[in-house]
Amino acid sequence: MDLPPEVIAQIQAKRKIEAIKLLREARGISLKDAKEAVDAYIRRERLESRKNPKSRNSRETVPRADTLSRTEQASRPETASRASKREGQHRLFLLALAIVVGYVAYRVLA
């Protein structure tokens, strides 16, 4: 089933519900059929993008950190989400360390 261009545009904009509404209006089909058609289109697009990664036109891919050299990783700016993740990991480490130190002190002094 070919979808109207406005439905495809809504799918690419990650507005699935709006795409379903537009498809129902355009074709006069049931909610279930419209949802199945949109889901099928999304699945088909994902499969095609996995088979042919060069055809992805939505975003330019950024190299993963594990594929970069150490100098490239050092020069790469740290994003806010990565910084908050690192801060959370640091807090978790300090909490675990405090628990271990407390337990050792309890066992030694008991």
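The values are calculated or read from the model by the stated rules, or taken from the named source; none is laboratory data. Just so we're clear, the structure is a prediction, and the values are computed from it rather than from any experiment. Cβ sites come from the backbone with ideal geometry, for glycine too, and all protein chains shown count toward neighbours.
Couple of notes before you dig in:
- Taking the conditions (1) at pLDDT 90 or above; (2) within 30 Å of ASP2 (Cα to Cα) in turn, PHE93 satisfies each one other than (2).
- Residues within the stretch 1-20 that are assigned to a helix (DSSP H, G or I) and free of Cβ contacts under 8 Å to residues at least 24 places away in the same chain, tallied: 8
- One residue from ARG86, ARG44 being modelled with pLDDT of 90 or more and part of a helix (DSSP H, G or I): ARG44
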